[in-house]
2 protein chains.
Amino acid sequence: MEQEITISEEKIIEAARNVFHRKGFDGARMQEIADEAGINKAMLHYYFRSKDQLFEAVFKEALGRIFPMLLSILMSDEPIEENLKKFIPAYIDTIKKHPYLPGFVLHEMTRNPERLTNMVRSVGVASAPPKILQQLQKGMDEGRYIAIAPEQILVSVLAACIFPFVAKPMVKVALGMDDEKFDQFINQRKEQLPEFLLNGIKKK
Amino acid sequence: MEQEITISEEKIIEAARNVFHRKGFDGARMQEIADEAGINKAMLHYYFRSKDQLFEAVFKEALGRIFPMLLSILMSDEPIEENLKKFIPAYIDTIKKHPYLPGFVLHEMTRNPERLTNMVRSVGVASAPPKILQQLQKGMDEGRYIAIAPEQILVSVLAACIFPFVAKPMVKVALGMDDEKFDQFINQRKEQLPEFLLNGIKKK
DNA sequence: ATTTGAATTAACTATTTGGTTAACACACCT
DNA sequence: AGGTGTGTTAACCAAATAGTTAATTCAAAT
């Protein structure tokens, strides 16, 4: 019965991830998580004392899946061109594996912004100024890029990667897609987005 | 006591809007809405039979506040240049007045995609192919725009407008902003976004 | 074989919460 | 002044739900 510990705990986390990601903290039910994991509800409390702590585990896992790669975009020393061409497709691929994750994180951040503030403070992220901002600034100073606040560009890049997943139902209805078409749309996006965004910052 | 009807009903809708927009259906509490409206909880049921119907009213109101303007972007006959330069700032202004609205709508759509499908079907939106897509296609055929699927551009434009509000807590932390700085950021965005996006589709 | 202790379960508890109801208030009409 | 009906409230109810507990199973140590 040694392996069972990790097996049960893993089943719980996986089920909790599914439910929390789709329904958020308020919409999630402990019973539903237990059912999805195929175990008794008391087990959830046996391994994770409370709904709050189970949620905390899922939420931290979620942050761990988006932010490291995000940081590597922000902090890369590479020229922006290579940086974006490499990381945008990789980032979209990462999100594709957990399509509900961005919406989940954004919704829970809106519900409780202090959590993020505290986490950032407790982890002690010194939050150095992103190098990509400096790169953009340099390109502008040299007259290669158009004059737009680097922060605006940065947010636009993130928006372009993340938004389609957050707005999937809307996009599907607006453009008349089924799930397969939507998947093709995302794959196409991986290819075309770097070109579009880079073209956006370059001077004519 | 004639005027009281509309006054109470208006107070309820306003309170419900505040609470639903911030917390979503699952996180909202009828008692909290009643408190925020400063009236008895039974009044909510007196005017709107159930939580579901109260939510429905708020949700439809929300759709009514985003989609008409969205449609006018999609369906405009104007050249894209003028279209975007005019509507992006106007759209951002609209969202600024109800900053929690986009996140609310997106979250509730994820929670229950059928609702949207049914609404669209029931309203009988024939969902004609957006003219802006044709405009983009034409520009590409004429060699003025770079070769990128018009749908990708369209989603990027929407993403650029909407995402900052959905991700406000994240943006604030990542870029070290307080609420005032964030507001300035949005105002700056209104000015710079059309330029950036138009530059993105134009050939060198 | 017996004991031990962690893993697991069914049944239970306390609280929250959407919804109801019966009484009350009060403007309006006659 | 008295009756009528809508608006409003406090108290209540039933269902849902997070969390608890006591009993059970079972692998591993003795």
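The values are calculated or read from the model by the stated rules, or taken from the named source; none is laboratory data. Computed from a prediction, not measured in an experiment: that's the story for all the values here. A quick note on method: Cβ atoms are made from the backbone with ideal geometry, for glycine too, and the neighbour counts reach across all protein chains shown. Heads up: the accessible areas ignore ligands, DNA and RNA and are worked out on the full protein's heavy atoms, side chains in. Shrake-Rupley method; radii C 1.70, N 1.55, O 1.52, S 1.80 Å.
Before moving on, here are some points about what is shown:
- Applying the criterion of being modelled with pLDDT under 95 and more than 23 Å from residue A:97 (Cα to Cα) to the residues of the stretch A:1-37, the residue that is surrounded by the most Cβ atoms within 10 Å (Cβ to Cβ) is A:5.
- Filtering B:83, B:112 for residues that are open to solvent by 30 Å² or more (accessible area, probe 1.4 Å) and in the same structural domain as residue B:194 (by TED's automatic domain parsing) leaves a single hit, B:112.
- Residue in the stretch B:66-79 that is assigned to a loop (DSSP other than H, G, I, E, B) and within 9 Å of DNA strand C (Cβ to nearest atom) present: no
- Here B:61, B:114 are screened, and the one residue that is away from chain A (no Cβ under 11 Å), over 21 Å from residue B:196 (Cβ atoms) and assigned to a helix (DSSP H, G or I) is B:61.
- Residue check: residue A:58 meets all listed conditions (1) surrounded by fewer than 20 Cβ atoms within 10 Å (Cβ to Cβ); (2) within 17 Å of the chain's Cα centre (by Cα); (3) of a type in the set (A, V, I, L, M); (4) not assigned by TED's automatic domain parsing to the domain that holds residue A:168 but one, namely (1).
- Residue A:46 within 16 Å of DNA strand C (Cβ to nearest atom) and open to solvent by 80 Å² or more (accessible area, probe 1.4 Å): yes
- The stretch A:135-181, subset among the basic types (Lys, Arg) and without any contact (Cβ under 8 Å) to a residue 24 or more places away in the chain, residue surrounded by the most Cβ atoms within 10 Å (Cβ to Cβ): A:172
- When residue A:73 is tested against the conditions (1) among the β-branched types (Val, Ile, Thr); (2) within 14 Å of another protein chain (Cβ to nearest Cβ); (3) within 16 Å of DNA strand D (Cβ to nearest atom), the lone failure is (3).
- For the condition outside any helix (DSSP H, G or I) and buried (at least 21 other Cβ atoms within 10 Å of the Cβ), residue A:88 does not qualify.
- Test: residue in the stretch A:35-46 that is more than 9 Å from DNA strand D (Cβ to nearest atom) and of a type in the set (Phe, Trp, Tyr): no
- Filter result for residue A:102 (open to solvent by less than 30 Å² (accessible area, probe 1.4 Å), more than 10 Å from chain B (Cβ to nearest Cβ) and in contact (Cβ under 8 Å) with a residue 12 or more places away in the chain): no
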